[in-house]
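**Q** Can you read through this structure? Questions will come right after.
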Amino acid sequence: MGGWIMLLAALARPGRVAGLLGIAAAPDFTEDLIEATLMPDQRRALERDGRIEVPNDYGDDPYTISMTLIEEARDHLLLGRPIPIHCPVRLIHGLKDSDVPWETSRRLSGSLQSGDVEVILVKDGEHRLSEDRDLARLTSVLESLIERIGA
C-alpha cells in the first residue's frame, strides 16, 4: 500500500515532491490484486459480512480486507490513465514477488508522465526486498536519486 500512498501524496502536494522511490509499488491493488482474485465464496462473505480474512505469508495473524477498503479505494485508482507526476521516479521490484507482479511496476512506469522513470528488476528479489543486498541496492538507488535531484 505504501507505493500507492506515495503516488497519492505526490499528486496532492506536487510542489513538495522532488523525487519518488517505490519498492514493489502496487497502486490499484484493491482492484487488480484483491477484487480480481476473490473466489465466489470470498466475494459473498465480503458482501455479507463487510470483511474477510485472508492468509498472511508474513505472520500468524491473517489480513483483514474490508468492503470499506475496496469501495473507498475506487475513488483513488490511478492506473489506466496518465498520472500527472513529473519528478524523477525509481521503482524497484523483485521478479520473485509473489504478492505484486513485477509487471505492475512496468505498467505504473507507462502511466507516469515523468520522462525520468526507471524500473529496476531484481532477478532473485521477493516482495519485501529486505535482504542485505536489497537494502544496499535501495541505498544506492536513493543516493543516486538524491544526487539527480540536487537535494
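Rule-based calculations on the coordinates, nothing more; no lab input. Just so it is clear, the structure is predicted and the values come from calculations on it, not from any experiment. Cβ: placed from backbone, ideal geometry, glycine included. Neighbour counts: every protein chain shown.
**Q** If you stretched the chain out fully between residue 66 and residue 106, how much longer would it get, using 0.36 nm times the residue separation minus the C-alpha to C-alpha distance?
**A** 11.6 nm
**Q** Next question, about the same structure. Can you give the Rg/Rh ratio of the range 33-73, where Rg is from the C-alpha atoms and Rh is the Kirkwood radius?
**A** Using only Cα positions, Rg/Rh for the range 33-73 is 0.96.
**Q** So if I take the alpha carbon set of the chain, get Rg, then get Rh from the Kirkwood formula, what is the Rg over Rh ratio?
**A** Checking Rg against Rh, the ratio lands at 1.00.
**Q** Note the angle between two axes, namely the Cα long axis of helix 132-149 and the longest principal axis of the Cα atoms of the chain, as a number of degrees from 0 to 90, rounded to the nearest 10.
**A** Tilt relative to the chain: about 60 degrees.
**Q** Still on this structure, I have one more. What 222 nm value per residue comes from the helices of the chain, counting each DSSP H run with n ≥ 4 as -39,500 (n - 2.57) and dividing by all residues, nearest 500 deg cm²/dmol?
**A** One gets -11000 deg cm²/dmol as the mean residue ellipticity at 222 nm.
**Q** Got the relative contact order for the chain handy, in percent, Cα pairs under 8 Å and 6 or more residues apart?
**A** RCO, the chain: 25 percent.
**Q** I've got another one for you. Relative contact order for the range 1-74 using alpha-carbon pairs under 8 Å, separation at least 6, rounded to a whole percent?
**A** 25
**Q** Along Cα→Cβ, 7 Å out, is where each label goes; now give me the distance between the ones at residue 41 and residue 13 in nm to one decimal.
**A** 4.5
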